[in-house]
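Q: Just passing along the structure, written as structure tokens.
Throughout, read-outs are computed from the coordinates displayed, never taken from laboratory work. All values derive from a computational prediction rather than experimental measurement. Quick reminder, even Gly has a Cβ in these numbers, built from the backbone with ideal geometry, and neighbours come from all protein chains shown.
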Amino acid sequence: MHLWGQIIVNGILQGGVLGISALAFSLQWGVMDLINLAHGSFQILAAYLALTLLNSLGIDPFLSLPLIFLLFFAAGYLLQLWIINRVISANLFMTLLLTFGMDFVLANLMILLFSADYKSINTGYANASLHLAGIELPVVRLLALLFLIVLSVLLWLFLEYSRTGRAIRATAMERESARLMGIKIPAVYALTFGLGSGLAAVGGVFFGLSNTFSPAAGGPLTVGAFVVTILGGVGTSWGPLAGGLILGLLEAVGSVVFGPTYVNVITFGLLLLVLIIRPTGVLGRAAR
Amino acid sequence: MLKISHLKAGYGDTAIIWDLSLEVNAGEIVALIGVNGAGKTTLLRTIMGLLAPWSGSITYRGRELTGLATDRIVGLGINMTPQGRRLFAGMSVEENLLMGAFLRRDGEIKADLERIYGLFPRLGERRRQTAGTLSGGEQQMCALGRSLMSRPALLLLDEMSLGLAPVVVEMLLDLVLQIREQGTTVLLVEQDVEEALLRADRGYVLEGGRISLSAPAGELLADRKLQEAYLGL
Ligand SMILES: Nc1ncnc2c1ncn2[C@@H]1O[C@H](COP(=O)(O)OP(=O)(O)OP(=O)(O)O)[C@@H](O)[C@H]1O
Ligand SMILES: [Mg+2]
């Protein structure tokens with residue numbers, strides 16, 4: 001009984017890390033039709049940054065988190081404004097190629113800077129857990145889930161009620177009409193990619209706090225974000241939360257029932273199933 | 001007010017508009033007529049800066065528009081109600097209307113919203129409803145209302161009547177007269193040529209990428225060749 005309780009809790013908590021990552025991926029995809037193949041490498045880079053700040057300056061990852069968010073926001077904003085905007089109106093293939101190239105450069109840069117060895121962020125609380133009714137709750141993952149919920153709500157409030165958020169939604173729904181309203185699409189894109197990069201970085205720090213990682217860990221993170229985004233529905237506010245929890249749960253339960261080697265089979269099986277029976281995702285809007 | 005000379009524009013390497021010139025004076029309703037695929041929408045999109053012209057010039061109140069970004073052109077007081085409505089389907093009616101006022105910073109947006117609801121009571125009743133779930137006629141009202149929310153000095157209307165019931169078409173086109181009375185100049189693209197010419201001051205016929213005919217609306221209505229080609233008489 002406790003075993004299953006623990007498995008389900010693990011799954012839910014894993015969903016938090018998955019969900020934050022997907023929050024960024026889904027936003028970029030939903031607004032710009034951009035599938036960012038460098039997403040996972042951004043996240044690993046953020047994890048290395050948090051690690052470096054901790055090891056060399058002694059800054060706790062939770063203190064450096066706002067700084068890392070801002071840094072990635074700014075870098076993402078400029079990257080979109082100066083580079084990605086130049087190819088984004090071409091076909092999808094061009095942006096895939098560009099972000100694939102970015103991923104390649106980033107991954108190799110990280111090998112140069114940090115070596116290919118596995119690292120982990122060793123804070124005093126990295127392995128700390130709360131115990132509740134005999135179930136172990138790792139603190140970092142608990143916080144990740146909390147962050148996912150808070151970030152989802154904040155992002156929703158921003159998109160729903162701010163002038164800029166409305167411009168982003170309008171652009172996502174009907175690009176040419178958005179231009180006719182006087183919205184500057186390149187600026188909206190830059191902001192969206194900046195926000196996405198900042199959120200990806202936050203997710204990356206949480207990943208680094210709860211897993212060991214190497215420069216090669218980006219790819220699987222991108223795939224995870226992709227699957228969660230499809231599960232939850234592209235460009236929906238609560239999709240990443242729903243998708244993250246579903247995937248986290250099924251992976252946790254599946255790896256116990258079928259064995260850990262089958263996790264990928266479960267993940268992609270689920271992806272196929274959703275694409276077949278509900279292509280708009282669990283919370284997907286029909287009108288898009 | 002709007003002066004287009006020797007405009008050439010198209011998609012890819014296919015020119016759609018060749019050497020087109022036309023003029024719209026302040027306070028006028030000017031109808032633009034042409035068969036399907038003649039390039040009417042292409043012209044309007046070029047005026048709005050959604051499509052870059054290959055050559056020629058478009059001036060608005062003496063100011064060159066070519067090369068300006070769409071948001072600058074909208075900021076100058078030109079607006080377009082696009083063919084096919086193109087509403088923000090996932091937003092409510094009211095949000096759509098407010099998007100029309102995106103560039104405005106004045107305090108009269110709320111008052112204008114009520115004015116739109118006065119013009120279209122149906123939109124007022126459905127202000128919280130998702131735009132994508134409106135009927136065709138209501139969607140067109142919402143699209144027109146959205147344009148009006150920008151308080152345009154020059155309004156480009158692209159095929160408002162497409163797929164709508166005759167009563168709704170009449171109602172929308174009568175509203176165009178009212179819009180002009182309130183000081184907005186209108187360039188009207190319509191497939192319902194007769195209804196458009198009945199309300200326009202002047203008309204242009206777009207054919208083969210050029211203006212083939214330009215005359216006061218009454219003369220165009222009486223033109224035998226035009227009647228055969230566009231009015232089905
Ligand atoms: N985005 C596009 N890319 C390539 N060709 C296009 C594009 N849009 C329109 N065309 C072509 O340009 C030509 C003119 O189209 P346009 O939409 O301007 O005509 P229109 O006069 O508005 O016709 P309609 O009455 O059907 O609205 C057509 O042959 C059309 O196929
Ligand atoms: Mg057209």
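Q: What angle do you read, to the nearest 10 degrees and between 0 and 90, between the alpha-carbon axis of helix A:92-114 and the longest principal axis of chain A?
A: 40
Q: Relative contact order of chain B: what whole-number percent is it, with Cα pairs under 8 angstrom and at least 6 residues apart?
A: 26
Q: Between helix B:166-181 and chain B, what is the angle of the helix's C-alpha long axis to the longest principal axis, kept within 0 to 90° and rounded to the nearest 10?
A: 90
Q: Follow-up question, since we're still on this one. Kindly provide the helix-only [θ] at 222 nm of chain B, computed as the sum of -39,500 (n - 2.57) over DSSP H runs of four or more divided by all residues, to the nearest 500 deg cm²/dmol?
A: Calculated from helices alone, the mean residue ellipticity at 222 nm is -9500 deg cm²/dmol.
Q: Could you work out the mean count of beta carbons from other protein chains within 10 Å of each residue's beta carbon in B:45-56?
A: Across B:45-56, the average partner-chain Cβ count within 10 Å equals 1.
Q: Given only helices, namely DSSP H runs of n ≥ 4 each adding -39500 (n - 2.57), what is the per-residue ellipticity at 222 nm of chain A, to the nearest 500 deg cm²/dmol?
A: Estimated from H runs of four or more residues: -24500 deg cm²/dmol.
Q: What is the local net charge at A:Lys184, summed over the other residues whose Cβ is closer than 11 Å to its Cβ (Lys, Arg +1; Asp, Glu -1)?
A: Around A:Lys184, the charge tally is +1.
Q: Another question, then. Rounded to the nearest 20 debye, what is the charge dipole size of the stretch A:2-277 about its Cα centre when +1 sits on each Lys and Arg Cβ and -1 on each Asp and Glu Cβ?
A: Its charge dipole is roughly 540 debye.
Q: What aspartates and glutamates could a cross-link reach from B:Lys8, if we take a straight Cα to Cα line under 17 Å and drop same-chain neighbours fewer than 8 places away?
A: Cross-link targets: B:Asp19, B:Glu23, B:Glu64, B:Glu207.
Q: Let me ask something else about it. Averaged over peptide B:161-169, how many Cβ atoms belonging to another chain are found within 10 Å of each residue's Cβ?
A: 0
Q: Using the Cβ atoms and a cut-off under 15 Å, what net charge is assigned to the surroundings of B:Tyr117, where Lys and Arg are +1 and Asp and Glu are -1?
A: Surrounding charge for B:Tyr117 is 0.
Q: So who's got an amide H within less than 5 Å of the one on B:Ile33, skipping anything under 5 residues away but keeping other chains? H placed 1.01 Å off N, in plane.
A: Those lying under 5 Å, H to H, from B:Ile33 are B:Tyr204, B:Val205, B:Leu206.
Q: How large is the charge dipole for the stretch B:87-151, taken about the Cα centre, if only the Cβ atoms of Lys, Arg (+1) and Asp, Glu (-1) carry charge, to the nearest 20 debye?
A: The calculation lands at about 40 debye.
Q: Can you run phi through the Karplus equation (6.51, -1.76, 1.60; θ = phi - 60°) for the stretch B:54-60 and list ³J(HN,Hα) in whole Hz, with x for Gly and Pro?
A: 7, 7, x, 9, 10, 10, 10
Q: For peptide A:171-177, how many partner chain Cβ atoms fall within 10 Å of a residue's Cβ, on average?
A: 6
Q: A further question follows. In the stretch B:87-151, what is the volume of the convex hull around the alpha carbon atoms, normalised per residue and reported in Å³?
A: 67
Q: Using the Cα centre of chain B as origin and beta-carbon charges of +1 (Lys, Arg) and -1 (Asp, Glu), tell me which of B:Gly75, B:Pro121, B:Thr46 is placed farthest towards the positive end of the dipole.
A: B:Gly75
Q: Related question: So, with +1 on the Cβ of K and R and -1 on the Cβ of D and E, and no other charges, what is the size of the charge dipole of the protein assembly as shown about its Cα centre, to the nearest 20 debye?
A: Taking the Cα centre of the protein assembly as shown as origin, the dipole is about 640 debye.
Q: Then there is this: Relative contact order, percent, of chain A when contacts are C-alpha pairs under 8 Å separated by at least 6 residues?
A: 39
Q: Another question about this same structure. So what J values fall out for the stretch A:138-143 if you push phi through Karplus, 6.51 cos²θ - 1.76 cosθ + 1.60 with θ = phi - 60°, rounded to Hz, Gly and Pro as x?
A: Per-residue couplings from phi come out as x, 4, 4, 5, 4, 5 Hz.
Q: Continuing with the same structure: Please give the helix A:61-79 orientation as an angle from the longest Cα principal axis of chain A, in degrees from 0 to 90, rounded to the nearest 10.
A: Between the helix axis and the principal axis of chain A, the angle is about 30 degrees.
Q: Give the separation of the Cα centroids, the stretch B:130-186 to the stretch A:230-283, in Å.
A: Measuring centre to centre over Cα atoms gives 45 Å.
Q: Now, a different point. Residue farthest toward the positive end of the dipole of chain B, with Cβ of Lys/Arg at +1 and Asp/Glu at -1: which of B:Asn36, B:Met91, B:Thr59?
A: Looking along the dipole axis, the top candidate is B:Met91.
Q: Less than 15 Å Cβ to Cβ from B:Glu228, Lys/Arg counted +1 and Asp/Glu -1: what total charge do the surrounding residues give?
A: Counting the neighbours of B:Glu228, the net charge comes to -1.
Q: Whole-Å semi-axes of the protein assembly as shown's equivalent ellipsoid, largest first, each the root of 5 times a Cα gyration tensor eigenvalue?
A: 54, 24, 20
Q: Among A:Leu271, A:Val87, A:Met102, whose Cα projects farthest towards the positive end of the dipole of chain A, with charges put on the beta-carbon of Lys, Arg (+1) and Asp, Glu (-1)?
A: Toward the positive end, the furthest listed residue is A:Val87.
Q: Tell me which trypsin sites (Lys or Arg not before Pro) from the stretch B:1-107 have a DSSP coil assignment and no more than 16 other beta carbons within 10 Å of their own.
A: B:Arg61, B:Arg104, B:Arg105
Q: Moving on. Rounded, prolate or oblate: which fits the stretch A:2-277 when a ≥ b ≥ c are the square roots of the eigenvalues of the alpha-carbon gyration tensor, with rounded for a/c under 1.5 and prolate only if a/b beats b/c?
A: Here the stretch A:2-277 falls in the prolate category.
Q: So what J values fall out for the stretch B:111-120 if you push phi through Karplus, 6.51 cos²θ - 1.76 cosθ + 1.60 with θ = phi - 60°, rounded to Hz, Gly and Pro as x?
A: My calculation for the stretch B:111-120 gives 5, 5, 4, 5, 5, 4, 5, x, 5, 10 Hz in order.
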